[in-house]
Amino acid sequence: MRTDIFETHAHYDDKAFDQDRDSLLASMEENGIGTMVNVCASIGEFGRTISLTEKYPFIYGAVGVHPDDADQMTEETLEEIRRISHMEKFIAIGEIGLDYYWHKEAHEHEIQKKMFQAQMDIAREEKLPFMIHSREAAKDTLDIVKEYMEKGMYGGVIHCFSYGKEMAAEYLDMGLYLGIGGVVTFKNARKLKEVVEYAPLEQLVLETDSPYLSPEPNRGKRNSSLNLPYVAQAIAELKGISPEEVICTTRKNAEQLLFPEKIK
């Protein structure tokens, strides 16, 4: 079994990497990062992820619009997402979902839900897994995911999982994966640590959300996939297993979800 790390969620198209993107990505293989998914978020910047997938053999893409940009989405945006989803190296619809942290008004929530559902429709119709962002929108996110899973979906990840054990159980019971990143290393992340202890390792995947959410001991600095060993170590300690087992199993999980036919 491969022992290199599978990074399921990063944003190397972000301007935070403009000064050293190529040298940083060139260092991944020698540092044990074997595969990564660059995840679209903003309208108008899909091309940056396309370029990364074309330049680097180990980078794949997910295409979607973050809920922060939901109010800017049009039918043309949805058509572009569908078109890009047909590209060979695009393997998921994301990052999509709901975020009520900055958006408090009911009309904003309705726009976000409408665009979340529209992108879930694309994931279902194109037979692709989804990558969901959910912040302070626990019930609405769960209700929409349940609705779509009953229609028949192709799996997905709850990215940067931030809710409690009871909510985790709902997603795990649907056969979905939880994305675990740097927050699990934080001393005050009691709720997430409980979730990681509770969840089957077979339903966890590693992620960074780079350039955000660096783990300890690099908290507060720009994040990159090179920090994933800290995440694997934290999960291993919580579960009483080796970091190598965490890395191997999470790679297998990611491959089963994202490359059911391409990678064995």
Screening 147, 197, 202 for residues that are closer than 28 Å to residue 87 by Cα and of a type in the set (D, E, K, R) leaves only 147
Review point. Could we say that residue 91 is under 16 Å from residue 132 (Cβ atoms) and without any contact (Cβ under 8 Å) to a residue 60 or more places away in the chain here?
Key: no
The condition of being farther than 28 Å from residue 20 by Cα, among the polar types (S, T, N, Q) and either in contact with a His (Cβ under 7 Å, 6 or more places away or on another chain) or modelled with pLDDT of 95 or more (or both) holds, among 256, 233, only for 256
Note on the stretch 181-209: residues of a type in the set (Gly, Ala, Ser) and more than 15 Å from residue 171 (Cα to Cα) are 181, 182, 189
Looking across the stretch 177-191 at residues that are hydrophobic (A, V, I, L, M, F, W, C) and in contact with a Leu (Cβ under 9 Å, 6 or more places away or on another chain), the single one that is surrounded by the most Cβ atoms within 10 Å (Cβ to Cβ) is 180
Cβ pairs under 9 Å, 6+ apart or interchain, first in the stretch 230-245 and in a loop (DSSP other than H, G, I, E, B), second hydroxyl-bearing (Ser, Thr, Tyr), ordered by first then second residue, are 241/249
Considering the stretch 194-228, residues that are in a loop (DSSP other than H, G, I, E, B) and of a type in the set (S, T, N, Q), and then whichever is farthest from the chain's Cα centre (by Cα), we arrive at 218
*With the condition kept exactly as written, say whether any residue in the stretch 181-193 is part of a helix (DSSP H, G or I), over 19 Å from residue 253 (Cβ atoms), modelled with pLDDT of 95 or more and of a type in the set (Ser, Thr, Tyr).*
yes
Determine, yes or no, whether residue 49 is in contact with a Gly (Cβ under 7 Å, 6 or more places away or on another chain) and either crowded, with 18+ Cβ neighbours inside 10 Å or at pLDDT 95 or above (or both).
yes
### Message
Checking the structure you have, find out if any residue of the stretch 148-163 is of a type in the set (S, T, N, Q) and free of Cβ contacts under 8 Å to residues at least 40 places away in the same chain.
### Response
yes
Filter pass, residue 252 being in contact (Cβ under 8 Å) with a residue 60 or more places away in the chain and closer than 23 Å to residue 33 by Cβ:
yes
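The values are calculated or read from the model by the stated rules, or taken from the named source; none is laboratory data. As the structure is a prediction and not an experimental result, all values here were calculated from the model. Note: ideal-geometry Cβ built from the backbone for every residue, glycine included; neighbour counts use all protein chains shown.
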